[in-house]
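Chemist: Pasting a structure here, questions to come.
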Amino acid sequence: MPRGCCPRSTSLVDGTLIQAWASHKSFRPKDGINDQTPSGPGRNAQADWKGKARSNDTHESSTDPDARLFRKSHNTASILCDLGHALMENRSGLIVSAVVTHADGSGERAAALAMLDVMPGKQPKTLGADKAYDTQDFVANCRERNVTPHVASNDTRRGGSAIDARTTRHQGYALSQTIRKRIEEHFGWGKTVGRIRQTVYRGLRRVDQHFKLTMTASNILRIARMPAAVPRGAAT
């Protein structure tokens with residue numbers, strides 16, 4: 001590396017759904033009018049809202065008002081949930097920033113930019129991400145921050161991918177895409193062991209604390225599995 005050249009900081013970002021501690025029956029109109037037709041006797045009867053429009057603009061959960069009705073893709077069902085976001089440093093595989101936000105279509109990209117803004121250092125950075133981050137606005141916002149967006153190309157989106165050969169031709173781009181899936185290891189451990197698949201807490205602040213503690217615990221386990229550093233000059 002030439003003298004005076006700063007090493008490039010490489011990181012990855014991704015988001016995951018955290019199912020809220022609230023049921024669909026708690027998702028009621030904000031005007032207080034009950035739009036659910038009970039299909040049986042008792043206090044906990046099945047509710048039927050088939051054919052009735054339900055959205056976050058007109059409805060909210062009476063159990064957890066911070067939860068939002070959201071689905072990750074067109075092939076999945078909508079659930080009441082929050083969005084957990086994590087920023088991972090490539091070389092160590094450790095989570096360096098984590099936050100929970102309301103679940104919406106732009107939440108992942110907004111959270112990624114917010115986490116980048118508090119990252120220390122002025123050196124050039126790269127950011128690996130999946131196709132959900134391949135938008136003109138996000139790519140432009142990254143470059144304004146001296147961050148090279150190594151996001152997966154989404155050629156099927158309207159207008160085509162915001163990433164072109166200026167970025168994809170570099171070896172670092174392919175490396176970011178290869179390493180990108182490692183962040184799923186933190187989410188996978190968190191959902192199976194850390195109990196963030198469906199949180200038992202209500203309210204965005206408490207869910208955020210639960211998510212941060214879970215990612216911290218995942219980091220500790222990863223550090224424990226790292227090979228011990230070999231002292232300089234020691235025989236190998």
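The values are calculated or read from the model by the stated rules, or taken from the named source; none is laboratory data. Keep in mind the model is a prediction, meaning the values are calculated, not measured. Note: ideal-geometry Cβ built from the backbone for every residue, glycine included; neighbour counts use all protein chains shown.
Chemist: Give the number of residues within the stretch 177-200 that are closer than 16 Å to Tyr133 by Cα and either basic (Lys, Arg) or over 17 Å from the mean Cα position of the chain (by Cα) (or both).
Modeler: So the count comes out to 2.
Chemist: Taking the stretch 78-102, which residues are under 17 Å from Arg68 (Cα atoms), at pLDDT below 95 and either among the small types (Gly, Ala, Ser) or within 11 Å of the chain's Cα centre (by Cα) (or both)?
Modeler: Ser78
Chemist: To continue, here is another question. Out of the residues in the stretch 138-172 that are of a type in the set (Ser, Thr, Tyr) and in a loop (DSSP other than H, G, I, E, B), which is surrounded by the most Cβ atoms within 10 Å (Cβ to Cβ)?
Modeler: The selected residue is Ser161.
Chemist: Of a type in the set (A, V, I, L, M) and crowded, with 22+ Cβ neighbours inside 10 Å: which single residue out of Ala110, Ala98, Ala132 fits that description?
Modeler: Result: Ala98 is the single residue among Ala110, Ala98, Ala132 that is of a type in the set (A, V, I, L, M) and crowded, with 22+ Cβ neighbours inside 10 Å.
Chemist: Then there is this: Of the conditions (1) touching a strand residue (DSSP E or B) at 6+ places or on another chain (Cβ under 9 Å); (2) surrounded by 17 or more Cβ atoms within 10 Å (Cβ to Cβ); (3) of a type outside the set (Asp, Glu); (4) in contact (Cβ under 8 Å) with a residue 24 or more places away in the chain, Gly194 clears all except one; give me its number.
Modeler: (1)
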